[in-house]
1. Tally time: how many residues in region 274-301 are in a helix (DSSP H, G or I) and loosely packed, with under 15 Cβ neighbours inside 10 Å?
2. Could you list, in sequence order, the residues of region 236-254 that are outside any helix (DSSP H, G or I) and either modelled with pLDDT of 85 or more or buried (at least 19 other Cβ atoms within 10 Å of the Cβ) (or both)?
3. Exactly one of these conditions fails for LEU165: (1) assigned to a helix (DSSP H, G or I); (2) among the aliphatic types (A, V, I, L, M); (3) loosely packed, with under 14 Cβ neighbours inside 10 Å. Give me its number.
4. Can you find a residue in region 210-221 that is surrounded by 15 or more Cβ atoms within 10 Å (Cβ to Cβ), assigned to a helix (DSSP H, G or I) and of a type in the set (Asp, Glu)?
5. For a quick check of your reading: which helices (runs of 4 or more DSSP H) sit entirely within region 48-142 and have at least 3 residues that are buried (at least 17 other Cβ atoms within 10 Å of the Cβ) and out of contact with any Leu (no Cβ under 9 Å at 6 or more places or on another chain)?
6. What is the residue count in region 61-117 for residues that are under 20 Å from MET269 (Cβ atoms) and of a type in the set (D, E, K, R)?
7. Being out of contact with any helix residue (DSSP H, G or I) (no Cβ under 7 Å at 6 or more places or on another chain) and among the basic types (Lys, Arg) is the filter; apply it to region 105-134 and report the residue that is modelled with the highest pLDDT.
8. Looking at region 250-259, is at least one residue farther than 27 Å from SER57 by Cα and polar (S, T, N, Q)?
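The values are calculated or read from the model by the stated rules, or taken from the named source; none is laboratory data. For clarity, every value in this text was computed on a predicted model and none was experimentally measured. All Cβ positions, glycine included, derive from the backbone under ideal geometry; neighbour counts span all protein chains shown.
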Amino acid sequence: MSVREAAPLSARAPVAQTSARDRRRRGGQWWVPWLFLAPALVLFLYFKFIPMARAVSMSVQEVRPYLGNTWVGGANYAEILSSDGFRSAAWNTVVLAVGQTFGSMVLGFGLALLVEGQTRKLTFIRSAAFLPVVVPLAVTAELWRIMYHPTSDGLMNQVIGLIGLGPSGFINDPHTSLASIAVTGIWRGAPYDMMIFLAGLAGIDRGLYEAATVDGASTWRRIVHVTLPGLRPVFAILFVLAAVRGFRTFTEVFLLTNGGPNGSTEVVMTLIYKLGLEQSRLGVGSAGAVLLFAATLVLTVCVQLLRRRRSA
């Protein structure tokens with residue numbers, strides 16, 4: 001082999017050795033991220049995934065504490081699906097989820113447009129608007145229960161009285177109780193959606209707004225033709241998050257009405273709680289929990305498939 005032919009080989013040797021060394025270094029540290037994730041994964045495994053697997057197994061059994069469970073197959077699913085109470089609770093859950101999802105997204109989007117900016121005043125306003133998210137849900141429910149006092153002296157009745165409405169029973173009236181809980185959920189969920197919308201607005205190219213302004217587009221047209229298309233991925237993510245949050249509504253319903261009055265606000269989560277812990281029908285309650293999980297999973301998968309099809 002000539003010197004001219006050997007030179008490139010010697011030049012490539014250090015590069016090959018360096019890349020091999022890098023591969024060994026990266027391969028030897030693959031466990032470092034998992035080491036940091038291990039505590040959280042253990043907690044998720046013990047408090048979430050194992051109970052989920054246990055619920056699936058209990059949904060096909062007649063649970064008899066201290067006596068041993070017996071296999072019943074799909075009898076629990078047939079019982080809960082044929083129950084009028086479950087169908088009513090499922091309908092209330094869907095209505096509440098739809099109302100809270102679109103209400104919180106619309107209000108969150110409006111708040112994001114109002115508080116977008118970098119000034120200190122807007123920073124303070126954003127922090128104040130985000131407070132409902134960090135306040136414990138039990139405290140939020142108690143505050144709204146007080147504001148929903150059905151007499152004319154109640155805070156919400158005084159507010160709607162300014163425009164000539166009321167007094168209303170709110171959570172004490174079967175006709176308005178579900179809408180009242182939806183308002184509470186929207187008030188608490190909108191600031192969370194607002195923060196995600198603000199992150200999405202920061203990623204939109206400002207040159208598009210300048211070009212639209214030069215072309216004479218109004219503020220409404222800039223929102224429709226620039227802002228909304230730029231936030232399309234954000235809307236897809238928020239829709240899934242808000243829908244899952246709506247399907248899993250429990251605490252505010254449990255504390256405000258406990259499913260009343262007359263079952264007008266009974267949702268799947270409160271029904272599962274009553275079946276499993278109050279009536280000791282753990283198998284039927286587990287079947288309802290599995291059905292709720294399946295509905296949430298189907299919704300999430302459908303939204304992701306639609307999102308990929310539109311992006312393709």
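1. Of the residues in that region, 6 qualify.
2. Result: THR249, PHE250.
3. Of the numbered conditions (1) assigned to a helix (DSSP H, G or I); (2) among the aliphatic types (A, V, I, L, M); (3) loosely packed, with under 14 Cβ neighbours inside 10 Å, the odd one out for LEU165 is (1).
4. The answer is no, given that none of the residues of region 210-221 is surrounded by 15 or more Cβ atoms within 10 Å (Cβ to Cβ), assigned to a helix (DSSP H, G or I) and of a type in the set (Asp, Glu).
5. 84-115
6. So the count comes out to 3.
7. Within region 105-134, the first condition is being out of contact with any helix residue (DSSP H, G or I) (no Cβ under 7 Å at 6 or more places or on another chain), and the residues that meet it are 106, 110, 113-114, 117-121, 123-124, 127-128, 131, 134.
Cutting the leftovers down to among the basic types (Lys, Arg) gives us 120-121.
On the way: ARG120: 69, LYS121: 72.
The extreme case among them is LYS121.
8. Looking through region 250-259, at least one residue is farther than 27 Å from SER57 by Cα and polar (S, T, N, Q).
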